[in-house]
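Presented below is the structure to which this report refers.
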Amino acid sequence: MADVAPPTQDSTPQIMHPENHKPTDTRSPKDHKYLCVETAGSFVGPVFPKEFMKRFMNIPGRRRKIPRANFSNVLRGTSNADMYDSLISAIKKSKICPRMIFRKLSDITQEDSALRPDLAGFNATDGEPSGNATCWSSMQLCIDNCTEDAFDVAYDPNDREGLRVCQEDDTKSLGQMIHYAREQMSHQHRVFMFSLHIVHDSARIIRWDRMGAVVTGAFDFVLQPQILAEFLFRFNLLGPEGRGFDSSVELAGPDESHEFAEAIASYLDSFGERKPPHFDLTLDASYSTYKLHVIDSGSGVRSSFIVQRPFFETPLPCGRATQGYIAWDVGRRKLVFLKDTWRPVDSDSSSLSEKEAYEILGEHKIPYVPTVLIAEDVLSSTGEPQQTVTQDYSEIPFGSRCAHLRPHIHHRIVQELALPLVMMRRSKQLVQAIRNTLVAIRGAYENAELLHRDISMGNIMLDSNMEGFLNDWDRAIRLSASKEARATRTGTWRFLSIGQLESEDKIHEIHDDLESCFWVLLYAALHHFRHQPVPFDMSIFEEIWDRKDRDGTIHFFGGGRKRAALALRCVTKLEFDCGPLDQAIHHISSTFAEFHRSAVASGVSGDIGIRGRAAHAMVRAELEDPSLIKFLDAVLHREDWPLEDDALFDPYPPPKVQSPRKEEDSCSEQNSPFNCNHSPSPAAISDDPPGACGSQLVIVEDLLSYTKHSIVTSQHHPTSPQTTEHPPSPVFTSGEIFGSGPGGCEANIRIKKRLITASISCAPDEPKTKRPRTSKETLRVHTVR
């Protein structure tokens, strides 16, 4: 069994933090608009159906004659059910798809509220799905029937801003289609998938992969039945890999599935009532049990792992599509953590795969990083890495230009099983984890010349001894990287430094990662340890506002409330029941308050500027040397740490609030430059497990790298058509910079010429006019080369 020390059953009182957090279902089928906005920029086409099939559905061997098909009866029914029956009958009668059976899914009892298509194709050898549990896992072809064409409506599917301001009903068809693709790719291990989009007598063929979707032009399958017939005929002849299935994965045998289920059940039982967030999803019966293979590129040895449902996954079909599993290591006969993701590939030599990052850290013996058992790219049956292809056709975008689509390669990493930081039982464990993270950051910076760039609650983990370490180095970058690469805003929005929140193009420095550690410390302490006053204004972690330039580019910013909290000494006014924890938070808060005060003062002329520059240089030096780590060491040696568990159990994720573009919490977390007229939005999907740190906003520099999910509030900033300057920062007097500032978080702060209150709520977006698609946008069809 796993060697993770479980907490005692009665070790932690399950007392809710004063903030009232409401859990959110990231699989909700109702949020079509969110799916559309977050996938905008990833659709290419339309392409000619014949060229599409020639490129993506090539059948080796001699040319076969395609049987004739007649779909004229499909439209004669008086209901959708009649249409489905007629379509199924026409396919069966023509014998164009004899290896498959088609089924109306409305005939299957629905055991949950999840959306699913009305019609789908299954392997004839597998038989019809016996129930709701096997529907998604066994589906071969999803057929989406809509009342309107998702690619021929008033809104361009690649126009993120247009989708963001449109009505929910206007995105229903597109959002429903994306939802189906997400569900099928979530339940199955795929490199890509095909789907059919049908509207009355019109149809489109779509190929989805983790970078987006290639879409054909619409064709009338009643007047041109040979196109649909050829697609189904080719699909019927394709093998599993040709249909998009991952060739490195197979169904687990009965004995393997039983052994896996027993290991998981025993592991979860060891935690008593307080189990790690979302770990119990692993044995979801609607997911099949699979055996995944990973081949070591050095030795050629193949390792096998049994998995079922991921306890964490991103909610979109495109992007990094990170999935986190508790897996059974067949060779080592123990539970491990398996991360399945799609890594972006750049021509920049400074970019790293996560495997390369861990190899560099290992070479330099950097402490407090994960124990990696194996990390490799996933290979196809030909021995080549599995890779996306949608980016190869980005020159033919649907409507607006696509975002900068980059190739993504399938990557798997296996590590020793660990626990999320929220499983800490004592305040000393939290401070120890932050101290260890600082050591890892500093060691990687000085010795390995790497920056982590995504310090968050989800990326600081606990090992079997409840010792903290820094995980997820997938966004690490070399110090030798170009300024342009290091100036890309990356990380988890909630924990970004003030400098990163206030500027989109700030060059990432070690001080940014160190400051993120402080925000993690404060956030975790507020959620899990008793303090006064209660409640604390948690909006400092969620603040976000946007500004739109004359060319329509939208920029997202924040950091004002964090700056105010430090300048007005709101953090140092907190009193935690645990004295050592209180000392640690107050000292680090004062350090970063001085760091930012002196930075502001250094830009002032005269004596204040001289004093500010000297003070800023001193604080920077203090952060770069081991003094902060030595301070925490001294705190950890105090003898007045609580002897009993003092952590409060906070099972609720952060509140989801509507954001500028309904951004998802984290994803947004990433700057997702999906649309050519948008800067990366803080609504991306973070790859941190939602249960480990709640839903988080993550900013990622790569297109469609969705990271974790909680929606943050966006404050709409007045449009300034003549300026492209960075958002204003609070301006303090010299007394506030060097003396004692006013007390209280409700104090007014002057931002340039506007006077606002630090706790001001965000105003909703104003309604905007719909932009109808032009005939030119609607009728273009391209040839795939």
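Which ordering of Leu438, Leu281 is given by a fewest-first count of other beta-carbon atoms within 10 Å?
Working: Leu438 23, Leu281 16.
Taking fewest neighbouring Cβ atoms as first place, the list is Leu281, Leu438.
Using a Förster radius of 56 Å, what is the FRET efficiency between Asp201 and Glu356 based on their Cβ-Cβ separation? Nearest 0.05, please. Please list the in-between numbers first.
On the way: r = 52 Å, r/R0 = 0.92.
So the FRET efficiency works out to roughly 0.60.
At a 10 angstrom cut-off on C-beta neighbours, averaged per residue, how do the peptides 300-313, 355-368 rank from highest to lowest? All intermediate terms of the calculation are to be shown ahead of the outcome.
Numbers: 300-313: 19.7, 355-368: 17.2.
Packing order, densest peptide first, comes out as 300-313, 355-368.
Counting DSSP beta bridges in region 24-243, what percent are antiparallel, to the nearest 5?
Working: 23 of 30 bridges.
Of all bridge pairs located within region 24-243, approximately 75 percent are antiparallel.
Residue separation times 0.36 nm, minus the C-alpha to C-alpha distance between Lys65 and Thr382: what's the value?
111.3 nm
Using 5 Å bins from zero, what percent of all Cα-Cα pairs in region 171-213 falls into each bin?
5, 20, 32, 25, 11, 6, 0
Please work out how much length the chain gains when fully extended from Asn73 to Leu115, using 0.36 nm per residue of separation minus the C-alpha to C-alpha distance, in nm with one decimal.
Working: separation 42, 0.36 × 42 = 15.12 nm, distance 2.73 nm.
Length gained between Asn73 and Leu115: 12.4 nm.
Find the Rg to Rh ratio for region 267-324, where Rh is the Kirkwood radius over alpha-carbon pairs and Rg uses the same atoms.
Values: Rg = 14.6 Å, Rh = 13.8 Å.
My calculation of the ratio gives 1.06.
Give the whole-number value, in cubic angstrom per residue, of the convex hull volume spanned by the C-alpha atoms of region 116-244.
Values: hull volume 15.2 nm³, N = 129.
With only Cα atoms used, region 116-244 gives 118 Å³ per residue.
Highest mean first, what order results for 409-420, 609-620 on Cβ atoms within 10 Å?
Result, highest mean Cβ count within 10 Å first: 409-420, 609-620.
How fast does region 419-652 diffuse by Stokes-Einstein, in µm²/s, taking the Kirkwood radius from C-alpha pairs at 25 °C and 0.890 mPa s? Before the final figure, lay out each step's value.
Working: Rh = 18.5 Å.
Value of D from the Cα-based Kirkwood radius: 132 µm²/s.
If r is the Cβ-Cβ distance from Arg550 to Asn80 and R0 is 41 Å, what FRET efficiency results, to the nearest 0.05? Present the calculation step by step, with values, prior to reporting the outcome.
Numbers: r = 46 Å, r/R0 = 1.13.
The computed FRET efficiency comes out at 0.30.
Just subtract the alpha-carbon distance of Ser89 and Glu128 from 0.36 nm times their residue separation and send over the number in nm, one decimal. Present the calculation step by step, with values, prior to reporting the outcome.
Working: separation 39, 0.36 × 39 = 14.04 nm, distance 1.57 nm.
Extra length available between Ser89 and Glu128 comes to 12.5 nm.
Excluding Ala565 itself, what net charge comes from residues whose Cβ is under 11 Å from its Cβ, given Lys and Arg +1 and Asp and Glu -1? If you can, show how the numbers build up before the last one.
Values: positive: Arg561, Lys562, Arg563, Arg569, Lys573; negative: Asp537, Glu543.
Computed value for this residue: +3.
Express in whole angstrom the spacing between the alpha-carbon centres of region 302-359 and region 438-489.
17 Å
For region 244-378, taking Cα atoms only, what is the radius of gyration to one decimal and the Dmax to the nearest whole Å?
16.2, 49
Region 208-277: which GluC sites (Glu not before Pro) are DSSP loop and have at most 12 other beta-carbon atoms within 10 angstrom? Before the final figure, lay out the partial values.
Details: sites: Glu230, Glu241, Glu250, Glu256, Glu259, Glu262, Glu273; in loops: Glu241, Glu273.
Sites meeting the loop and neighbour criteria: Glu273.
Sort region 24-243 into rounded, prolate or oblate with this rule: let a ≥ b ≥ c be the square roots of the eigenvalues of the Cα gyration tensor; rounded if a/c is under 1.5, and if a/c is not under 1.5, prolate when a/b is larger than b/c, oblate otherwise.
Numbers: a/c = 1.44, a/b = 1.29, b/c = 1.12.
Rounded, because the longest to shortest axis ratio a/c is under 1.5.
Just so you know, all these numbers are worked out from the coordinates, no wet-lab data involved. All of these numbers come straight from a predicted model, not from anything done at the bench. Glycine also receives a Cβ, built like all others from the backbone with ideal geometry; neighbour counts cover every protein chain displayed.
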